[in-house]
Amino acid sequence: MKILHFADLHLNIPFTGSYFPAQVARACRTRLRKTLHELLNLAAAEEVDAVTIGGDLFEADRLTRDTVEFLLSSFEQLSPIPIFIAPGNHDYYSPVSIYARYSWPENVYIFRQRRFQPIELNEEIVLWGFAHNAPDERDNPFHGFKVPSNGKINIALLHGSETGNFIENRAAHAPFQAHEILLSGFDFALLGHYHNASTLKVNKKIAIYPGSPQPLSFGEGGEHGAALVEVLRDDIRVRPVITATQFFYTYTVDMSTFNGMSGLVPEIRSIAGDSPDREAAFLRLHLTGVIPEDTHLDKELLREQLQNYFDFVLIRDTTRPEAWYEELQNEPTVRGAFVKRLKKMMAEETDDRELILAAMRYGLQAFEDERIDLT
């Protein structure tokens with residue numbers, strides 16, 4: 001059996017966290033619709049036996065009737081290939097959700113319970129789906145659950161946070177650990193929630209996060225796409241399919257290593273490279289470091305030049321004039337003592353001036369809780 005699995009499309013996401021202007025955000029939302037069509041076209045071309053969706057298909061609190069009709073029409077066109085949806089925390093199932101209020105095409109099956117429910121895909125394979133019924137599902141979906149002994153291949157489909165290999169800076173949704181997939185009696189799990197593609201292994205490959213089909217914000221690197229899953233009697237094979245056509249780049253430039261703005265644009269431009277698949281690229285640029293007093297950074301000119309290569313440019317400037325060091329060494333603080341000590345070392349060790357200056361720069365970044373990049 002062959003399955004196309006994807007998750008975390010997030011139709012109607014606002015992109016407000018990336019500070020996009022309205023027209024850029026609108027273009028990204030349109031691109032997500034296009035991506036869904038391409039995924040469904042891939043399913044048809046690959047002649048898959050089923051499509052599985054691991055939650056967060058859309059943003060429930062921002063959904064429009066137009067988007068609902070787009071989904072219904074798109075899924076119906078894939079008939080008779082069945083589509084199985086395990087709602088996540090952004091598109092959770094409830095009596096008032098669009099999953100309940102609309103009549104979905106006959107080839108669409110939506111899991112509705114916050115416990116694993118089985119559906120036979122064929123005589124040898126059972127798909128077990130788990131649905132979120134609220135936006136803040138905090139219970140472990142595998143806790144206390146055991147697949148009945150049925151002599152079949154049992155596959156879990158859910159949206160959840162694997163907490164053994166990943167760390168979230170927020171409360172985890174449907175948290176679990178990878179080994180619990182096997183303890184519960186599943187042979188494999190098709191997952192959603194994490195936007196970067198990854199594979200979970202416990203002695204063998206046991207689960208996949210396909211990643212969001214498109215990256216959705218700054219900080220989302222890695223691979224983004226879907227997965228073609230071939231279920232054999234004695235093996236489960238996974239082939240990643242990259243679908244990303246928009247890319248988010250975050251770059252920090254230490255301006256103390258540049259002579260003003262000379263050479264800056266080519267340096268920044270090089271991070272994006274050239275890809276025939278790229279439809280849009282977005283840049284978050286952080287200018288840091290200590291610069292001479294007479295150096296003028298024309299950020300608007302820099303933004304204009306970079307917009308020849310990027311669809312959106314966000315610039316954060318935390319550069320400091322050289323006189324700032326003089327002010328810091330007089331601070332009655334640990335930071336002041338640190339700067340004073342290194343300034344003294346620079347005066348005594350002229351051959352190591354650049355090394356000491358770099359140490360001062362990294363140290364001050366640490367004092368200000370900034371990310372330190374030693375490359």
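The values are calculated or read from the model by the stated rules, or taken from the named source; none is laboratory data. Since the structure is predicted, the reported quantities are computational estimates derived from the model, not experimental observations. Because the Cβ atoms are built from the backbone with ideal geometry, glycine has one as well, and the counts that use them run over all protein chains shown.
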Would you mind stating whether Leu32 is in contact with a His (Cβ under 8 Å, 6 or more places away or on another chain), more than 24 Å from Asn133 (Cα to Cα) and assigned to a helix (DSSP H, G or I)? yes
Can you confirm whether the range 248-258 contains a residue that is part of a loop (DSSP other than H, G, I, E, B) and of a type outside the set (Gly, Ala, Ser)? yes
From the set of residues in the range 218-253 that are hydrophobic (A, V, I, L, M, F, W, C) and within 15 Å of Ala43 (Cα to Cα), which is surrounded by the fewest Cβ atoms within 10 Å (Cβ to Cβ)? Ile242
Report whether or not Thr16 is in the same structural domain as Asn196 (by TED's automatic domain parsing), surrounded by fewer than 22 Cβ atoms within 10 Å (Cβ to Cβ) and under 18 Å from the mean Cα position of the chain (by Cα). yes
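Yes or no, residue by residue, for (1) out of contact with any strand residue (DSSP E or B) (no Cβ under 8 Å at 6 or more places or on another chain); (2) within 30 Å of Tyr251 (Cα to Cα):
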residue: Phe176; (1), (2): no, no
residue: Leu190; (1), (2): no, no
residue: Tyr194; (1), (2): no, yes
residue: Ala197; (1), (2): no, yes
residue: Lys205; (1), (2): no, no
residue: Pro213; (1), (2): no, yes
residue: Ala226; (1), (2): no, yes
residue: Val229; (1), (2): no, no
residue: Asp234; (1), (2): yes, no
Scan Pro87, Pro82, Pro21 and give me the residue that is more than 27 Å from Ala207 (Cβ to Cβ) and not polar (S, T, N, Q). Pro21
Which condition number does Ala100 fail, the rest of (1) more than 25 Å from the chain's Cα centre (by Cα); (2) in a loop (DSSP other than H, G, I, E, B) being met? (2)
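Residue-by-condition table, conditions (1) among the hydroxyl-bearing types (Ser, Thr, Tyr); (2) farther than 22 Å from Asn154 by Cα:
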| position | (1), (2) |
| --- | --- |
| His5 | no, no |
| Thr16 | yes, yes |
| Ala27 | no, yes |
| Gln77 | no, yes |
Conditions first: (1) touching a residue at least 12 places away in the same chain (Cβ under 8 Å); (2) loosely packed, with under 14 Cβ neighbours inside 10 Å; (3) small (Gly, Ala, Ser). Ala172 passes all but one, so which condition is the exception? (2)
Which numbered condition in (1) among the small types (Gly, Ala, Ser); (2) in a helix (DSSP H, G or I); (3) surrounded by fewer than 19 Cβ atoms within 10 Å (Cβ to Cβ); (4) modelled with pLDDT of 95 or more is the only one that Ala43 fails? (3)
Take the residues in the range 74-97 that are in a loop (DSSP other than H, G, I, E, B) and hydroxyl-bearing (Ser, Thr, Tyr), then tell me which one is nearest to Asp136 (Cα to Cα). Tyr92
Suppose the filter is under 17 Å from Asn107 (Cα atoms), surrounded by fewer than 19 Cβ atoms within 10 Å (Cβ to Cβ) and over 18 Å from the mean Cα position of the chain (by Cα); does Gln23 pass it? no
So if I check each of Glu124, Glu137, which one is of a type outside the set (Val, Ile, Thr) and modelled with pLDDT under 95? Glu137
Matching residues in the range 254-270 - criterion: being exposed (fewer than 14 other Cβ atoms within 10 Å of the Cβ) and not hydroxyl-bearing (Ser, Thr, Tyr): Asn259, Gly263, Pro266, Glu267
Of all the strands (runs of 3 or more DSSP E) wholly in the range 116-209, which have at least 2 residues that are among the small types (Gly, Ala, Ser)? 188-192
Residue check: is Thr350 of a type in the set (S, T, N, Q) and at pLDDT below 80? yes
The conditions are (1) surrounded by 12 or more Cβ atoms within 10 Å (Cβ to Cβ); (2) assigned to a loop (DSSP other than H, G, I, E, B), and Leu71 fails exactly one of them. Which is it? (2)
Tell me which residues, restricted to the range 174-227, are of a type outside the set (Gly, Ala, Ser), touching a Gly at 6+ places or on another chain (Cβ under 7 Å) and on the phi > 0 side of the Ramachandran plot. His193
